[in-house]
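Here is the structure we will look at.
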2 protein chains.
Amino acid sequence: MANTTVHKTEEKFRDLTQRITSYNEAIGLMVWDLRTGAPKKGVEQRSEVIGMLSSEVFKLSTSKEMKECLDSLSDPSLHSDLTPITKKAVEEAKQEFERNKKIPEDEYKEYIITQSKAENIWEEAKANSDFSMLQPYLEKLVGFKKNFVNYWGYKDHPYNTLLDLYEPGVNVDTIDRVFNQLREAIVPLVKDVVDSKHQPHTKFLFESFPASKQQDFSMHVLKQMGYDFKAGRLDETNHPFAIGLNPGDVRVTTKYDESDFRTAVFGTIHEGGHALYEQNISDELIGTLLCSGTSMGIHESQSLFWENFVGRNYSFWEHNYDSFKSFSNGQFDQIKMDDFYRAINVAGPSLIRIEADEMTYPLHIIIRYEIEKGLFSNQMEVKDLPEIWNEKMKEYLGVQPKNDAEGVLQDIHWSGGDFGYFPSYALGYIYAAQLKNAMLKDLPDFDQKLREGNLLPIKEWLTKNVHQHGKMKKPIEIINDVTGEGLNAEHLIKYLSDKYRDVYKIK
Amino acid sequence: MANTTVHKTEEKFRDLTQRITSYNEAIGLMVWDLRTGAPKKGVEQRSEVIGMLSSEVFKLSTSKEMKECLDSLSDPSLHSDLTPITKKAVEEAKQEFERNKKIPEDEYKEYIITQSKAENIWEEAKANSDFSMLQPYLEKLVGFKKNFVNYWGYKDHPYNTLLDLYEPGVNVDTIDRVFNQLREAIVPLVKDVVDSKHQPHTKFLFESFPASKQQDFSMHVLKQMGYDFKAGRLDETNHPFAIGLNPGDVRVTTKYDESDFRTAVFGTIHEGGHALYEQNISDELIGTLLCSGTSMGIHESQSLFWENFVGRNYSFWEHNYDSFKSFSNGQFDQIKMDDFYRAINVAGPSLIRIEADEMTYPLHIIIRYEIEKGLFSNQMEVKDLPEIWNEKMKEYLGVQPKNDAEGVLQDIHWSGGDFGYFPSYALGYIYAAQLKNAMLKDLPDFDQKLREGNLLPIKEWLTKNVHQHGKMKKPIEIINDVTGEGLNAEHLIKYLSDKYRDVYKIK
């Protein structure tokens, strides 16, 4: 192909992906709006609009034009003619194209309809705490996903193909290894924590803290983190989230619980971590398919880094405790910094993943992972999930749900067909600890910086090593380049063990 | 064409227009978002997205598919086979098709992007009171519109073609006639008012009224008007507006000036009038091109009806004055209802259109009309607008702006490329007075209803006669059907003359 033809095709490809990203930005804003205050009576019509725009995205990603661009631009003899961004974007689009093309259109439609029904039924089933209502839908969804895995093909284990959707490059063997390590370390640690005679006092955590003051403090912390309010905004929702519409518009939402400020404070820091990632992706990637976080796991490494390694750190509160007190109603005036620190790090077995502390959180994920793996290797069946769930809860955490609502029905993910997603939460946590360890080589005075409220060098380090690359680097590439090693759970284990032996004064 | 073929074509046409209205809904939300709090740094990219989606609308409206549908469905022999909605929708789409086909696609896209950028620059230019910042954008926009008029063609006067976009059926001759009548009646009335010895006391209008209380009162009044908060929401913006995304999602914005509650109160009632129109369009029209107000003038007749004939009416305040007082800081406790009424109807020359009283308001419009007519007949140039503006203000109103912010930069319209729009405000005012006159035949106890706070019969009358029809009726058809006459400025002139002779005790 002559050089001018290449550039013409490159331009055509860029135009196609710009249209896709534009649709996605519009869809993103509509989703944000639906969750932050769209009028109820407009919701049905708005859903139609979102559906219409989503199907345009699907059409473009699988169009004849797209195929022509991809066929031309993936010609190996051209590689020296293409910019690194184009090369990577073509790879990304090709993977998407092939995934979408391999599923028969009617089956995909059927899947989308089932998914949407299942999400609705899930709400009802959870309200009634009745797994049997959801069971037939889950069975269908698992069936669909098994078919998809067959269409897509798999290596070694069918579940690997699903993992690859959320965390490319990670497989069952790797996860088995690190999750076993984690479980073996955390289960006895939880026992020690439960048995400790030094349980933190926590009563003052639950005293009234006005929502508007929580909002002020949330904004104060976001600013400290380097979140750019000229490229974002903070709103209130029932289920907090962060959404990147483009790097100049990355929004955070949080929830204010007047009888537990931790929901807002740690929720905001968590979502703020996601948002910093999206705000600091290189401008060069705007309008390409590479302008977002590279994987769910790396995204979660950013939110958990800020939430846990910064937000639950003693030094962070040395700097912020006084101003935090000034936002409150005075309930902390008599509480010493040490007692406050121990209280916000209270830990122990619990039933609900999203309310779990940072020590037991990985166990919640491991349970879900083992179940998903069991389903896709045909060693478990959907109908047995409540029983399996409850057994595993007892085995790993020593607690047992009273009903399905606080057990197997607690998360929406499976009703949305999202199998393979859960492991990212724990992988992200492992990555975060690895990043923290690597960061210490460049910023050995990390804790001192927290004490000074000087968080910008931390944000800048993350931008340089993670944020800016968007999808230009695969997850494991980022971790390798930064830490010089692969996935390694040791850093997280050491962090949890050191911290909780200290907080609970375990010998 | 066989009957089944007709129905197939009808379906295809419906599908096309549904896609167009979906895009328009997404664009509408993005516009609302840009004005209510989108982060500054995302604006440029958002403008690109709006541009892209608008160009999709443009493509669909001018597509081969659309042409085929329109050619088939406008066949006169089919008229008995089509529903009245389809017939009207085809007419509408055909007009749109012919307008759009005549503009080169790239030029239209460029126009949309310029427009979106100019609206943002306008805010800055106004804040800096610097017309020169906006001038190059305005010149481009006028250039675009002159080209468009050439593509479209015109009859008698180039400006007629622009008028037709906002108020179909009205032309320069008609407007010259009624605006002259208005000017000849109002200019001497203004003199009498200025010369009157009975000037209302107004000091208490400017005492501090907390924004949050103004918001509460605004919501109270919107509810009284029958505005449905399950199908809408109230937000704060610099330049208040109402926007209908679909009849289940019609949003109002207002502005809170703590030292002048009138901005919010009358602004909210005004925008609420627009919103009632959009909320009460028949559900049958959702997804068609007929699901919006029929013209800017009829739209403005609704907002001005509520703002002036209801909101500035003595009887309305007889019902609301006590509750209004309870929202305030107590500054009205010693003020008698009569004095309050005269104060909120204080009138006289002023600089800012949206703050102008209802008597001088038409003069502000007439100035803009004359400037637009001048620009499009090449008798004026953009660079001279500040000077021309100031001269006309002096001639008609006897006042002169200190700077561009309170002069030529005060309105957003021209930055949005909306030339031909301004006359609708005064036309709407004329229509509103005509509608009020007709309404009295059905609701002779209009004032009594206001005194009782029973505004729903008024809303229902307007829904029956105006709202529900959407674009099923042309503006002048509505006015004819309801009033039995054409455009007639006499009712407005009589209203203003009677009211201000009373308020100012002019013999």
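Only one entry in B:SER292, B:SER303 is more than 23 Å from B:GLU358 (Cα to Cα), touching a residue at least 60 places away in the same chain (Cβ under 8 Å) and in contact with a helix residue (DSSP H, G or I) (Cβ under 7 Å, 6 or more places away or on another chain), namely B:SER292.
A quick yes/no check of all residues on (1) in contact (Cβ under 8 Å) with a residue 40 or more places away in the chain; (2) assigned to a loop (DSSP other than H, G, I, E, B); (3) buried (at least 20 other Cβ atoms within 10 Å of the Cβ):
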site: B:LYS325; (1), (2), (3): no, no, no
site: B:GLY330; (1), (2), (3): no, yes, no
site: B:GLN334; (1), (2), (3): no, yes, no
site: B:VAL346; (1), (2), (3): yes, yes, no
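Here A:TYR227 clears all of (1) within 14 Å of another protein chain (Cβ to nearest Cβ); (2) within 26 Å of A:ILE20 (Cα to Cα); (3) touching a residue at least 24 places away in the same chain (Cβ under 8 Å) except the condition numbered (2). The residue of segment A:353-372 that is farthest from A:ARG501 (Cα to Cα), among those that are in a helix (DSSP H, G or I), open to solvent by less than 10 Å² (accessible area, probe 1.4 Å) and in contact (Cβ under 8 Å) with a residue 60 or more places away in the chain, is A:GLU372.
Conditions tested, residue by residue: (1) of a type in the set (Ser, Thr, Tyr); (2) within 14 Å of chain B (Cβ to nearest Cβ); (3) open to solvent by less than 70 Å² (accessible area, probe 1.4 Å); (4) without any contact (Cβ under 8 Å) to a residue 12 or more places away in the chain.
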site: A:SER54; (1), (2), (3), (4): yes, yes, yes, no
site: A:ASP75; (1), (2), (3), (4): no, no, yes, no
site: A:LEU82; (1), (2), (3), (4): no, no, yes, no
site: A:GLU105; (1), (2), (3), (4): no, no, no, yes
site: A:ILE112; (1), (2), (3), (4): no, no, yes, yes
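If you filter segment B:1-12 down to residues that are open to solvent by 10 Å² or more (accessible area, probe 1.4 Å), part of a helix (DSSP H, G or I) and not charged (D, E, K, R), you find that the one that is modelled with the lowest pLDDT is B:ASN3.
None of A:LEU138, A:LEU222, A:LEU205, A:LEU182 is in a helix (DSSP H, G or I), touching a strand residue (DSSP E or B) at 6+ places or on another chain (Cβ under 9 Å) and open to solvent by less than 40 Å² (accessible area, probe 1.4 Å) except A:LEU222.
Residues checked against (1) in a helix (DSSP H, G or I); (2) more than 7 Å from every other protein chain (Cβ to nearest Cβ); (3) more than 29 Å from the chain's Cα centre (by Cα):
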residue: A:GLY28; (1), (2), (3): yes, yes, no
residue: A:ALA38; (1), (2), (3): no, no, no
residue: A:VAL43; (1), (2), (3): yes, yes, no
residue: A:ILE50; (1), (2), (3): yes, yes, no
residue: A:LYS59; (1), (2), (3): yes, yes, no
residue: A:CYS69; (1), (2), (3): yes, yes, yes
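One residue alone among A:ASP384, A:ASP404 is open to solvent by 10 Å² or more (accessible area, probe 1.4 Å) and assigned to a loop (DSSP other than H, G, I, E, B), and that residue is A:ASP404. For segment A:246-276, a residue qualifies if it is more than 14 Å from every other protein chain (Cβ to nearest Cβ), in contact (Cβ under 8 Å) with a residue 40 or more places away in the chain and in a loop (DSSP other than H, G, I, E, B), and the qualifying residues are A:TYR256, A:GLU258, A:SER259, A:ASP260, A:PHE261.
Within the bounds of segment A:419-433, is there any residue that is farther than 19 Å from A:THR174 by Cα and either open to solvent by less than 30 Å² (accessible area, probe 1.4 Å) or assigned to a loop (DSSP other than H, G, I, E, B) (or both)? No.
Only a single item in (1) over 22 Å from the mean Cα position of the chain (by Cα); (2) at pLDDT 95 or above; (3) assigned to a loop (DSSP other than H, G, I, E, B) is not met by B:VAL399, and it is number (2). Here A:LYS449 meets each of (1) more than 25 Å from the chain's Cα centre (by Cα); (2) open to solvent by 60 Å² or more (accessible area, probe 1.4 Å) with one exception, condition (2). Among all positions in segment A:438-445, there is no residue which is at pLDDT below 95 and either open to solvent by 10 Å² or more (accessible area, probe 1.4 Å) or assigned to a helix (DSSP H, G or I) (or both). Here B:PRO158 meets the list (1) more than 14 Å from chain A (Cβ to nearest Cβ); (2) under 26 Å from B:ILE344 (Cα atoms); (3) surrounded by 15 or more Cβ atoms within 10 Å (Cβ to Cβ) almost entirely, failing just condition (2). Residues in segment A:151-158 include at least one that is among the acidic types (Asp, Glu), farther than 24 Å from A:MET472 by Cβ and modelled with pLDDT of 95 or more. B:HIS239: part of a helix (DSSP H, G or I) and either within 14 Å of chain A (Cβ to nearest Cβ) or touching a residue at least 40 places away in the same chain (Cβ under 8 Å) (or both), yes or no? Against the criterion (part of a helix (DSSP H, G or I) and either within 14 Å of chain A (Cβ to nearest Cβ) or touching a residue at least 40 places away in the same chain (Cβ under 8 Å) (or both)), B:HIS239 does not qualify. Scanning segment B:185-200 for residues that are hydrophobic (A, V, I, L, M, F, W, C) and open to solvent by less than 20 Å² (accessible area, probe 1.4 Å) gives B:ILE186, B:LEU189, B:VAL190, B:VAL193. For segment B:485-507, taking the residues that are in a loop (DSSP other than H, G, I, E, B) and open to solvent by 70 Å² or more (accessible area, probe 1.4 Å), the one that is farthest from B:MET337 (Cα to Cα) is identified as B:LYS507. Return yes or no: is A:SER22 more than 22 Å from A:ASP164 (Cα to Cα) and more than 10 Å from chain B (Cβ to nearest Cβ)? Criteria not met by A:SER22.
The values are calculated or read from the model by the stated rules, or taken from the named source; none is laboratory data. Here the structure is a predicted model, which is why all the values come from computation and not from measurement. Methodologically, a virtual Cβ is constructed for each residue, glycine included, from the backbone with ideal geometry; neighbour enumeration extends over all protein chains shown. We work out accessible area using only protein heavy atoms, side chains counted, and drop any ligands, DNA or RNA first. Shrake-Rupley method; radii C 1.70, N 1.55, O 1.52, S 1.80 Å.
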